[in-house]
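The values are calculated or read from the model by the stated rules, or taken from the named source; none is laboratory data. Just so it is clear, the model here is predicted, and its values are computed rather than measured. Cβ coordinates were reconstructed from backbone atoms using ideal geometry, including for glycine residues, and neighbour counts include every protein chain displayed. The accessibility values were calculated without ligands, DNA or RNA, using every heavy atom of the protein model including side chains. Shrake-Rupley method; radii C 1.70, N 1.55, O 1.52, S 1.80 Å.
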Amino acid sequence: MASSLSNIFDVSARAMSAQMMRLNTVASNLANARSTYTNKEDAYRAIKPVFTTVYADHAAKTGIASVDVESFVRVDREPTAEYRPDDPKADADGYVYAAAVDTDEEMVEMLDASRNYQNNIEVITTLKALMMRTINLGK
Amino acid sequence: MLKIADHLGIHQHALQLRAQRNEILASNIANASTPNFKARDLDFLSELEKHQPGEAMLSSNQQHMNSLPTTSGPVQYRLPTAESLDGNTVELHVEQMQFAENVMKYQASLNFLNNKITGLMSAIKGE
């Protein structure tokens, strides 16, 4: 892939957008965490992003690499059946199917993603300050 | 005749290498949660030594090679203290410390260069 990955701003920007997509999936998963369904097949399953490394054109020499979201997958997890005959969505046997989302797992995911996002901001802020100092060299 | 580039000495190469190392460390931090990503780093000292005005190897025949083949490139893989289950070898605390150190040393090189330039300027102006 001919990537447009040439400098440090590209590296951090791509990494930050990847982490942002991860945060989006966490938000979607948490939003659907409490929803119930009549059919097992229709039930919501948590969405997870798949990260992959993108290398710059001369990565072996420069060592520049960033990250992209390759695809999104749905977790391979069965929705849990709950016996709630009063629920309007209950099937003939009185069961509803709850979305396959682990809220604890999503919270951990959210913390990790936001921390990584902050790390990238920190890197770019530091390097930007260095670049400004380098531009003003000799003044 | 002494060129201005000679006056700046080793610091210009050091600054370039520090900048390159910053990019590598930033790439590591960017890939902190990518499965199977292997953290990389630059051997700063051995890279800098390539720019030292060392003695050229003498050869008795023109076909003799004057540089030894190197076993590895400039960018090498980091050995992790504890590899994570997904095959990622980025340890954020390590990378952040290396990054902080590298930024500090970049600023040191920048200061050296600044002093050299200030010296040149005052020599030119003759003040």
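Calculated FRET efficiency, A:ALA13 to A:ASP93, Cβ-Cβ distance, R0 = 35 Å: about 0.10 to the nearest 0.05.
Tell me the per residue accessible area of the protein assembly as shown using a 1.4 Å probe; a whole number in Å² is fine. Intermediate values should be presented prior to the final figure.
On the way: 16190 Å² over 266 residues.
Per-residue accessible area for the protein assembly as shown comes out at 61 Å².
In the protein assembly as shown, the C-alpha radius of gyration followed by the widest Cα-Cα span (Dmax) gives 26.5, 98 angstrom.
Heavy atoms only, probe 1.4 Å: what % of the accessible area of segment A:1-109 goes to carbon and sulfur, would you let me know? The computed percentage sits at 52. Modelled this way, with points 7 Å down the Cα-to-C-beta line, the labels at B:ASP6 and A:ASP104 are 7.0 nm from one another. Take each residue of peptide A:118-124, count the partner chain Cβ atoms within 10 Å of its Cβ, and average: the result is 4.
How big is the Kirkwood radius of segment A:1-80, worked out from every pair of different alpha carbons and given in Å to one decimal? Before the final figure, lay out the partial values.
Numbers: mean 1/r = 0.0682 Å⁻¹.
Kirkwood hydrodynamic radius for segment A:1-80: 14.7 Å.
Using R0 = 30 Å, the C-beta based FRET efficiency linking B:LYS125 and A:GLU122 works out to 0.15.
Ranked by the mean number of other Cβ atoms within 10 Å per residue, highest first, peptides A:125-137, B:6-18 order as B:6-18, A:125-137.
Return the Rg/Rh ratio of chain A with Cα-based radii and a Kirkwood Rh.
1.21
Which of the peptides A:9-17, A:28-36, A:113-121 is most tightly packed, and how do the rest follow, judged by the mean count of other Cβ atoms within 10 Å per residue? All intermediate terms of the calculation are to be shown ahead of the outcome.
Details: A:9-17: 20.8, A:28-36: 15.8, A:113-121: 17.9.
So the peptides A:9-17, A:28-36, A:113-121, ranked by packing, come out A:9-17, A:113-121, A:28-36.
Stretching A:ASP112 away from A:VAL73 to a fully extended chain increases their span by 12.2 nm, per 0.36 nm per residue minus the current alpha-carbon distance.
For the pair A:ASN136 and B:LYS105, label points projected 7 Å from Cα toward Cβ lie 2.5 nm apart.
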